[in-house]
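Structure first, then comments.
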């Protein structure tokens, strides 16, 4: 299920994620984090812990080098993700269409969403969320957008709101950012 929250502030991308592992009506609080750094990227996943493990431990992300970042993410980056998921046995094919999973990626001060069909989006508002708690989390981010609240606090508040009002979101929360 999940809530993964992403926010861009001052050239840094902040991600936060919950710890819920959900199957039907059963929920397990997992010790393995859904948000992490990999090279110059921060990533946060939903869909499957297996997909997240591949992104964290098997994926060797290409480094963007001077080209249009949106184009790079939609082509070179996604092609490397697809190959990693295929090699790791996670990529699904149906009627010649490949499906992966949903995750957020922060790099070079920009935030991207990668969806099941490998489309890459960049939120115009500078924040987004994925997972079953995404609408609640995005509402909290919107409500705090004009505040002077620190970005880390905004991410935490969005996760707390999702935990309060979504049955599939649970702390503890983990965080990663592109600053360090």
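Grab the Cα-Cα distance for residue 135 and residue 80, subtract it from 0.36 nm times how many residues apart they are, and report the gain in nm with one decimal.
Gain in length upon complete extension: 16.9 nm.
Could you tell me the calculated FRET efficiency between residue 108 and residue 28, based on Cβ-Cβ distance and R0 = 30 angstrom, to the nearest 0.05?
The formula returns an efficiency of 0.30 here.
Among 111-124, 132-145, what's the highest-first ranking by average C-beta atoms within 10 angstrom per residue?
132-145, 111-124
Can you pull the one-decimal nm distance between simple spin-label points at residue 143 and residue 57, each 7 Å off the Cα toward Cβ?
Placing both labels 7 Å along Cα→Cβ, they lie 3.8 nm apart.
Could you work out [θ]222 nm for the chain from helices alone, using -39500 (n - 2.57) per DSSP H run of at least four and dividing by all its residues? Round to the nearest 500 deg cm²/dmol.
Per the formula, -7000 deg cm²/dmol.
Could you give the distance between the Cα centres of the range 39-102 and the range 111-146, to the whole Å?
Result: 18 Å between the Cα centres.
Taking every pair of Cα atoms in the range 5-100, average 1/r, invert it to obtain the Kirkwood radius, and report Rg/Rh to two decimals.
0.99
Taking only the alpha-carbon positions of the chain and ignoring solvent, what does the Debye formula give for the base-10 log of I(q)/I(0) at q = 0.09, 0.12, 0.13, 0.14 Å⁻¹?
Ignoring solvent entirely, the Cα scatterers give -0.28, -0.51, -0.60, -0.70.
Work out, in µm²/s and without decimals, the Stokes-Einstein translational diffusion coefficient of the range 1-57 at 10 °C, 1.306 mPa s, Rh from Kirkwood over C-alpha pairs.
My calculation gives 131 µm²/s for D.
Return the distance in nm (one decimal) between the two label points of a simple spin-label model at residue 71 and residue 96, each offset 7 Å from Cα along Cα→Cβ.
Reported label-point gap for residue 71 and residue 96 is 2.7 nm.
What is the projected area of the convex hull of the Cα atoms of the range 37-93, averaged over all directions, in nm²?
Its Cα hull, projected and averaged over all orientations, spans 4.1 nm².
Relative contact order, percent, of the range 1-75 when contacts are C-alpha pairs under 8 Å separated by at least 6 residues?
22 percent
Just round it to a whole percent: the fraction of Cα-Cα distances in the range 96-175 exceeding 15 Å.
Beyond 15 Å sits 61 percent of the P(r) for the range 96-175.
Just so you know, all these numbers are worked out from the coordinates, no wet-lab data involved. These numbers were taken from a predicted model, which means no experiment stands behind them. Reconstructed Cβ throughout: ideal geometry from the backbone, glycine too, with neighbour counts over all protein chains shown.
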